[in-house]
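Data first, discussion second: the structure below is written as structure tokens.
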Amino acid sequence: MTQIRLIALDMDGTLLDDDHATVPARNVAALRRAAERGAAVAIASGRAWDLLHEVAAQLDMLHYAVLSNGAAVLDVTSGEWLWRKGLPRAQSRCLIELLLARDVPFEVYADGENYIQADRSGRVLARALSPEFASVLRRYSRFPEDLNAALEGRCVEKIHIFHVPPEERAALQAALEATGPLAVTGSFGTNMELTARGVNKAAAVQALCLEVTAEQVMAFGDADNDLELLRWARWSFAMENGAASAKAAARYVTGANRAGGVGMALERYLAAP
């Protein structure tokens with residue numbers, strides 16, 4: 001096997017347990033061994049950095065954070081932002097106004113921070129993936145009265161809509177795309193995730209890895225916002241609990257997130273000779 005120089009890890013449904021907050025001990029131990037052998041460890045998440053502090057604290061070997069589906073990359077060791085590609089401010093303003101008018105639960109990631117308009121907070125928190133993650137949202141999100149005013153002068157990385165009824169999805173997506181070029185994906189259930197066109201985890205990892213080839217990258221994911229990364233990395237793994245699309249995009253399938261599937265793959269493929 002080629003020397004693995006980077007391990008890129010999706011969070012929810014992949015690295016984390018079903019509480020969306022805890023990294024299974026098997027994953028931590030295997031990642032620590034991989035780092036000791038020279039692999040840089042990167043999380044590749046749909047979340048903003050503010051919503052990952054408690055996860056990062058569990059990963060003492062973490063080097064990079066690919067955030068907001070690839071709209072931003074942070075060097076965790078130095079605190080330096082290495083890559084940013086946000087939505088144009090005029091477009092993000094229109095998108096937010098449209099979503100407020102339609103009364104859907106959503107949040108906005110900007111400059112590594114999470115914003116939820118105060119009068120939407122109850123509906124957003126009710127849609128959190130778990131009680132533990134709802135607590136994370138309460139602790140780390142900002143709740144301005146006027147969301148668009150709070151975002152002036154900031155780089156809007158991603159807009160995350162927690163729930164769109166299936167019968168309304170096509171019409172809403174058409175209205176959103178009418179505001180300008182846009183990437184629309186999802187990671188669970190009926191959510192929608194909006195970023196600038198061309199933003200995805202693979203593009204961000206390639207920007208990060210300037211001298212690292214796909215052959216030297218190990219990637220893990222479970223959902224539609226992982227597909228480009230899973231297709232690009234030579235050593236790509238979909239989780240047993242992952243979507244069919246993720247399994248089709250990846251070269252391998254590993255165990256479920258709750259069983260430490262990341263650790264299983266690392267133990268098998270990166271075991272000491």
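Considering only the range 165-207, state which residues are surrounded by fewer than 14 Cβ atoms within 10 Å (Cβ to Cβ), within 22 Å of Ile43 (Cβ to Cβ) and modelled with pLDDT of 90 or more.
Passing the criteria: only Gly198.
Among Ala29, Ala25, which is the only one that is over 18 Å from Tyr140 (Cβ atoms), out of contact with any Cys (no Cβ under 8 Å at 6 or more places or on another chain) and open to solvent by 50 Å² or more (accessible area, probe 1.4 Å)?
Numbers: Ala29 fails: open to solvent by 50 Å² or more (accessible area, probe 1.4 Å).
Going through Ala29, Ala25 in turn, just one is over 18 Å from Tyr140 (Cβ atoms), out of contact with any Cys (no Cβ under 8 Å at 6 or more places or on another chain) and open to solvent by 50 Å² or more (accessible area, probe 1.4 Å): Ala25.
Of all residues in the range 208-224 being under 16 Å from the mean Cα position of the chain (by Cα) and open to solvent by 10 Å² or more (accessible area, probe 1.4 Å), which is nearest to Ala40 (Cα to Cα)?
Ranking the qualifying residues of the range 208-224, first place goes to Leu208.
For the range 144-154, which residues satisfy the criterion of being among the aliphatic types (A, V, I, L, M) and open to solvent by 20 Å² or more (accessible area, probe 1.4 Å)? Break it down stepwise before answering.
Our first condition is that a residue be among the aliphatic types (A, V, I, L, M); within the range 144-154, this holds for 147, 149-151.
Listed by number, the residues that qualify are Ala149, Ala150.
May I ask you to list the residues in the range 229-255 that are assigned to a helix (DSSP H, G or I) and either in contact (Cβ under 8 Å) with a residue 40 or more places away in the chain or more than 24 Å from Ala71 (Cβ to Cβ) (or both)?
Answer for the range 229-255, where residues must be assigned to a helix (DSSP H, G or I) and either in contact (Cβ under 8 Å) with a residue 40 or more places away in the chain or more than 24 Å from Ala71 (Cβ to Cβ) (or both): Leu229, Ala244, Lys247, Ala248.
Could you tell me whether the range 89-97 includes any residue that is open to solvent by 80 Å² or more (accessible area, probe 1.4 Å), at pLDDT 95 or above and of a type outside the set (Lys, Arg)?
The answer is yes; a qualifying residue exists.
Could you list, in sequence order, the residues of the range 100-115 that are surrounded by fewer than 23 Cβ atoms within 10 Å (Cβ to Cβ), over 15 Å from the mean Cα position of the chain (by Cα), touching a residue at least 40 places away in the same chain (Cβ under 8 Å) and under 17 Å from Ala149 (Cβ atoms)?
Across the range 100-115, the qualifying residue is only Leu100.
All but one of (1) closer than 23 Å to Gly13 by Cβ; (2) without any contact (Cβ under 8 Å) to a residue 40 or more places away in the chain; (3) open to solvent by 10 Å² or more (accessible area, probe 1.4 Å) hold for Ser141, so report the exception by its number.
(2)
Out of curiosity, is Ala118 surrounded by fewer than 18 Cβ atoms within 10 Å (Cβ to Cβ), free of Cβ contacts under 8 Å to residues at least 12 places away in the same chain and at negative phi? Give the steps one after another, and end with the answer.
Details: surrounded by fewer than 18 Cβ atoms within 10 Å (Cβ to Cβ): yes; free of Cβ contacts under 8 Å to residues at least 12 places away in the same chain: no; at negative phi: yes.
Against the criterion (surrounded by fewer than 18 Cβ atoms within 10 Å (Cβ to Cβ), free of Cβ contacts under 8 Å to residues at least 12 places away in the same chain and at negative phi), Ala118 does not qualify.
Say whether the condition of being assigned to a helix (DSSP H, G or I) and either of a type in the set (A, V, I, L, M) or more than 15 Å from the chain's Cα centre (by Cα) (or both) is met by at least one residue in the range 57-80.
Here is the first cut: in the range 57-80, the ones assigned to a helix (DSSP H, G or I) are 57, 68-70.
Retained after the next criterion (residues that are either of a type in the set (A, V, I, L, M) or more than 15 Å from the chain's Cα centre (by Cα) (or both)): 57.
Yes - at least one qualifying residue is present in the range 57-80.
The values are calculated or read from the model by the stated rules, or taken from the named source; none is laboratory data. The model shown is predicted, which means the values in this text are computed figures rather than measured ones. Note that we place each Cβ from the backbone using ideal geometry, even for glycine, and neighbour counts take in every protein chain shown. Just so you know, the surface numbers come from the protein's heavy atoms only, side chains and all, with ligands and any DNA or RNA stripped out. Shrake-Rupley method; radii C 1.70, N 1.55, O 1.52, S 1.80 Å.
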